[in-house]
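Trainee: Sending over a structure as structure tokens; questions will come in a sec.
Bear in mind these aren't lab numbers, they're just calculated from the coordinates by the rules spelled out. Remember, predicted model here, so these are calculated numbers, not experimental data. Here the Cβ positions follow ideal geometry from the backbone for every residue, glycine too, while neighbour counts run over all protein chains shown.
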Amino acid sequence: MRWLVTGANGMLGRDLVPLLRDRGHDVDAVDRDQLDITDPGATRDVAAGYDVVVNVAAYTAVDAAEADEATAFAVNAVGPALLARAAHAAGSRMVQISTDYVFAGQAETPYAEGAPIAPRSAYGRTKAAGEWAVRAEAPDHLVVRTAWLYGRHGNCFPRTIARVAAERGELEVVADQVGQPTWTVDLADLVERLVAAGAPAGTYHGTSGGQTSWHGFAQAVVGAAGMDPAIVRPTTSEGYVRAAPRPAYSVLGHGALEAVGVTPIGDWTGRWAAAAPGVL
């Protein structure tokens, strides 16, 4: 199977591309220096000859997007729309990576794939627009929402927490935001399995099982780094006000995966134990 991966130099792309190649796929990987996904001319025929187009390119500076929503919209909505249009014209399957930020983050039970979206930030609005555009432009699409991603490539929460803990000997982390820490390797694996299974077009959730707070995750990170988890003290979101509101509850359900016979990612604790040696 021939794949095109856009945004290939990002944290997810750098795990997705080698995984696909290891599983025997023919992969072309491009990043923004090779393809401007917001350029209609550059994207018009970009999907020709590919079975699958996976877009992992995104404007992910959540706080900066509040002051520059136009740029975030170009990357997160216009770009996916153009890629989806090209994929449809070429007869390719379109895979778009999305986010928990499309939800308000005020639920008390896991968000189902079809739950109403209500983004509260510029980043969330632009990613929601990207979902809509992909559905409109490419009937043969997979929208895969994820959250709390970490991996060995680039900056991520575990690596930052381990560094700060080692430097300061103690730190405070918010305990009132709950979600599902998700390893980029696991998300890459899920994307490949969804496509290989011929999953029906639709929206799926690509997050680990279980749930924890940022504080709980930080304690697990510090413990994996050989330090005492007790040095991580809990605090509240009020103490860390930022430009963009963070979802208080980002737990996503996996009913759509189960319905099509695709096994969801395992519980976050076991997946973190597997990931930690390579991430830290």
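Trainee: Which condition number in (1) at positive phi; (2) buried (at least 17 other Cβ atoms within 10 Å of the Cβ) is the one that ALA162 fails?
Mentor: With respect to (1) at positive phi; (2) buried (at least 17 other Cβ atoms within 10 Å of the Cβ), ALA162 is out only on (1).
Trainee: When only residues in the range 7-24 that are in contact with a helix residue (DSSP H, G or I) (Cβ under 6 Å, 6 or more places away or on another chain) and over 13 Å from ARG193 (Cα atoms) count, which is surrounded by the most Cβ atoms within 10 Å (Cβ to Cβ)?
Mentor: If we take residues in the range 7-24 being in contact with a helix residue (DSSP H, G or I) (Cβ under 6 Å, 6 or more places away or on another chain) and over 13 Å from ARG193 (Cα atoms), then LEU12 is surrounded by the most Cβ atoms within 10 Å (Cβ to Cβ).
Trainee: For the range 249-271, what are the residues that are in a loop (DSSP other than H, G, I, E, B) and crowded, with 16+ Cβ neighbours inside 10 Å?
Mentor: We begin by selecting, within the range 249-271, every residue in a loop (DSSP other than H, G, I, E, B); these are 250-251, 253-254, 260-266.
Listed by number, the residues that qualify are SER250, VAL251, GLY253, HIS254, VAL262, PRO264, ILE265.
Trainee: Another question, if that's okay. Given ALA107, ALA112, which one is among the small types (Gly, Ala, Ser) and either buried (at least 23 other Cβ atoms within 10 Å of the Cβ) or closer than 19 Å to GLN177 by Cβ (or both)?
Mentor: ALA107
Trainee: Between GLY154, GLY169, which is more than 15 Å from VAL56 (Cβ to Cβ), surrounded by fewer than 19 Cβ atoms within 10 Å (Cβ to Cβ) and not polar (S, T, N, Q)?
Mentor: On the way: GLY154 fails: more than 15 Å from VAL56 (Cβ to Cβ).
It is GLY169.
Trainee: Determine if the range 45-61 includes at least one residue that is assigned to a helix (DSSP H, G or I), touching a His at 6+ places or on another chain (Cβ under 9 Å) and under 25 Å from THR126 (Cα atoms). Spell out the reasoning first.
Mentor: Keep residues of the range 45-61 that are assigned to a helix (DSSP H, G or I), which gives none.
Within the range 45-61 (the criterion being assigned to a helix (DSSP H, G or I), touching a His at 6+ places or on another chain (Cβ under 9 Å) and under 25 Å from THR126 (Cα atoms)), the answer is no, since none of the residues qualifies.
Trainee: Another one. Among the residues of the range 232-248, is any touching a residue at least 24 places away in the same chain (Cβ under 8 Å), within 22 Å of the chain's Cα centre (by Cα) and at positive phi?
Mentor: Checked against the condition, which is being touching a residue at least 24 places away in the same chain (Cβ under 8 Å), within 22 Å of the chain's Cα centre (by Cα) and at positive phi, the range 232-248 yields no hits at all.
Trainee: Here is a follow-up. Go through (1) within 27 Å of PRO119 (Cβ to Cβ); (2) more than 18 Å from the chain's Cα centre (by Cα); (3) outside any loop (DSSP other than H, G, I, E, B); (4) touching a residue at least 12 places away in the same chain (Cβ under 8 Å) and name the single condition ALA274 misses.
Mentor: (1)
Here is a yes/no grid of residues against (1) of a type in the set (Val, Ile, Thr); (2) crowded, with 17+ Cβ neighbours inside 10 Å; (3) out of contact with any Phe, Trp or Tyr (no Cβ under 6 Å at 6 or more places or on another chain):
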site: LEU194; (1), (2), (3): no, yes, yes
site: ALA199; (1), (2), (3): no, yes, yes
site: GLN211; (1), (2), (3): no, yes, yes
site: PHE217; (1), (2), (3): no, yes, yes
site: VAL221; (1), (2), (3): yes, yes, yes
site: ALA224; (1), (2), (3): no, yes, yes
site: ASP228; (1), (2), (3): no, no, yes
site: ARG233; (1), (2), (3): no, no, yes
site: SER237; (1), (2), (3): no, no, yes
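Trainee: Condition first: assigned to a loop (DSSP other than H, G, I, E, B), crowded, with 20+ Cβ neighbours inside 10 Å and within 17 Å of the chain's Cα centre (by Cα). Can you find one or more residues in the range 86-102 that meet it?
Mentor: Quick first cut of the range 86-102, residues assigned to a loop (DSSP other than H, G, I, E, B) only: 91-92.
Filter once more, keeping what is crowded, with 20+ Cβ neighbours inside 10 Å: 92.
Among the residues that remain, those that are also within 17 Å of the chain's Cα centre (by Cα) are: none.
Within the range 86-102, not a single residue is assigned to a loop (DSSP other than H, G, I, E, B), crowded, with 20+ Cβ neighbours inside 10 Å and within 17 Å of the chain's Cα centre (by Cα).
For (1) of a type outside the set (D, E, K, R); (2) touching a Cys at 6+ places or on another chain (Cβ under 7 Å); (3) not in a helix (DSSP H, G or I), each residue gets a yes or a no:
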{"position": "ASP176", "(1), (2), (3)": "no, no, yes"}
{"position": "ASP189", "(1), (2), (3)": "no, no, no"}
{"position": "GLY198", "(1), (2), (3)": "yes, no, yes"}
{"position": "THR207", "(1), (2), (3)": "yes, no, yes"}
{"position": "HIS215", "(1), (2), (3)": "yes, no, no"}
{"position": "PRO234", "(1), (2), (3)": "yes, no, yes"}
